[in-house]
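A.B. asks: Below is the structure I would like to discuss, written out as structure tokens.
The values are calculated or read from the model by the stated rules, or taken from the named source; none is laboratory data. Model, not experiment: these values are computed from the prediction. Here Cβ is always computed from backbone atoms with ideal geometry, including for glycine, and neighbour counts include all displayed protein chains. Protein only, heavy atoms only, side chains kept; ligands, DNA and RNA dropped before computing areas. Shrake-Rupley method; radii C 1.70, N 1.55, O 1.52, S 1.80 Å.
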Amino acid sequence: MGFSEWLIALHVIAAFALMAALVLFTAVMVASWGVDSPRRASAYFRLAAIGGPLVGAGAGLALLLGIAL
């Protein structure tokens, strides 16, 4: 595999990470619509804390690798 193929592969992986984080945020939002107790809501938002860095890393890497391509 050449250098450009590695860039394309990493670019696609970063885009998938970004999409996975957005799906996670959407699932947390939909799941927390009917929540009545604060304890349950905080459990959902602890799960959403994983998505924040994943969005940043996915968006940043997809942008940088896309520019490099």
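A.B. asks: Being assigned to a helix (DSSP H, G or I), without any contact (Cβ under 8 Å) to a residue 60 or more places away in the chain and exposed (fewer than 15 other Cβ atoms within 10 Å of the Cβ) is true for just one of ALA17, ALA59, ALA41. Which residue is that?
C.D. replies: After applying the criteria, what remains is ALA41.
A.B. asks: I've got another one for you. What do you reckon, is VAL35 β-branched (Val, Ile, Thr), open to solvent by less than 50 Å² (accessible area, probe 1.4 Å) and at pLDDT below 90?
C.D. replies: yes
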